[in-house]
Amino acid sequence: MLRIVTFAVVLTALAACETTKGVGRDVQDAGQALDDAIDG
């Protein structure tokens, strides 16, 4: 289930940004959000 959520977040991040630098930032932000959610 977590893999599906992660995949959906990554796809959303890729679709939402327009530049390669933006992709990196969006993926990093998504990863941070997942870490925060897991840590509680």
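Quick note: the coordinates plus some simple rules give every number you see, no bench work behind them. Because the structure is a prediction, the values reported are computed rather than measured. Neighbour counts run over all protein chains shown; Cβ positions are idealised from the backbone, glycine included.
Quick notes on this one:
- Förster radius 22 Å - calculated FRET efficiency between LYS21 and MET1 (Cβ-Cβ, nearest 0.05): 0.10
- Given the choices (1) 10.3; (2) 10.7; (3) 11.0, Kirkwood radius over Cα pairs in Å derived from the coordinates of this structure is entry (1).
- Surrounding net charge for ALA33, when Lys and Arg each add one and Asp and Glu each subtract one, Cβ distance under 14 Å: -4
- Rounded to the nearest Hz, the phi-derived 3J(HN,Hα) couplings of region 32-40 under the Karplus curve 6.51 cos²θ - 1.76 cosθ + 1.60 (θ = phi - 60°) are 5, 4, 5, 4, 4, 5, 6, 5, x, where x marks glycine and proline.
- For VAL5, net neighbour charge (Lys/Arg +1, Asp/Glu -1) across residues whose Cβ lies under 14 Å away: -1
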